[in-house]
Amino acid sequence: MEIKYISKSLFIVLFCLASGMWAQQKISGKVITASELDLTPTLVVNISNGKSLLSDMSGKFEIEAKENDEIRFVKEGYYRVDKKITGEDFNSPLNIILKRMEIQIPEVKIKYKPTGNLAKDNQHLNESRKLQSLKSDLEDYMKSPLYRPLPNNSISKTFTGHDFNAGQVNVLGVLSAVAGLVKKATKPKITKANYNETQDFLMRVRNQINLGFLKKYGMDEEQIDSFLLYAEKTRSLAKRFRKDFQISDIEYELKIAFAEYSKTNKLEGTKE
């Protein structure tokens with residue numbers, strides 16, 4: 001009976017030891033980068049038993065595992081790390097270092113080989129959208145109306161040197177201005193001519209203006225009188241010149257009126 005009891009106790013002790021050896025344990029550690037910066041969150045997966053978790057805000061983790069289990073650490077943009085658990089890993093925290101992946105830039109192949117002729121090469125090499133947009137904006141700007149006055153194209157006073165005329169009276173300018181005022185003041189005021197004034201003016205034109213150019217076109221005295229009435233009506237000759245009878249000005253006005261008169265009236269032409 002006593003031997004039987006000892007055997008049963010020994011069996012229980014061995015069973016407990018075996019259970020402790022085969023029971024799941026936990027490993028812990030921290031995930032960092034090559035520059036020792038924390039990585040959060042990082043996926044930690046026990047490939048052997050299928051359990052997984054995310055590391056905390058400081059990169060620390062703790063997961064169930066046993067010896068020879070394979071633990072995988074995964075984070076987007078970094079190379080994954082696989083770690084096989086040994087007995088020593090249960091005694092101290094793990095430091096898992098993840099390395100960042102290199103960014104692969106796609107290779108650009110230029111099918112067209114430039115010849116060095118800009119006019120020819122430009123037909124094969126398309127401009128970027130940004131450049132096309134910039135050219136379009138510049139073209140619209142150049143075609144748009146000016147909203148601000150152009151700058152005065154003059155040299156700054158800083159670089160022109162001393163102006164010796166500054167503060168001096170421009171005598172010629174003053175005299176010219178005074179002469180203009182006097183002429184304006186003495187010139188008779190233009191007023192509308194009445195019937196008698198108009199007749200007197202036309203008679204004076206007959207006597208003092210050379211009307212020979214009208215006779216060259218075969219115009220008789222009656223036709224000349226008709227033309228003078230036309231010129232007076234269309235050019236307001238009596239109103240403008242009866243008080244200030246300037247012969248050269250009147251002759252000029254008569255020739256302008258004759259150019260229009262000849263378009264609507266049939267003339268015989270120049271007499272020999």
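The values are calculated or read from the model by the stated rules, or taken from the named source; none is laboratory data. Quantities reported herein were computed from a predicted structural model and do not represent experimental measurements. Here the Cβ positions follow ideal geometry from the backbone for every residue, glycine too, while neighbour counts run over all protein chains shown.
Results, tabulated for the structure shown:
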quantity	calculated
So GLU2, is it of a type outside the set (A, V, I, L, M), at pLDDT below 95 and surrounded by 11 or more Cβ atoms within 10 Å (Cβ to Cβ)	no
In the stretch 28-84, residue surrounded by the fewest Cβ atoms within 10 Å (Cβ to Cβ) [restricted to those that are over 15 Å from LYS99 (Cα atoms), touching a residue at least 24 places away in the same chain (Cβ under 8 Å) and of a type in the set (Gly, Ala, Ser)]	SER58
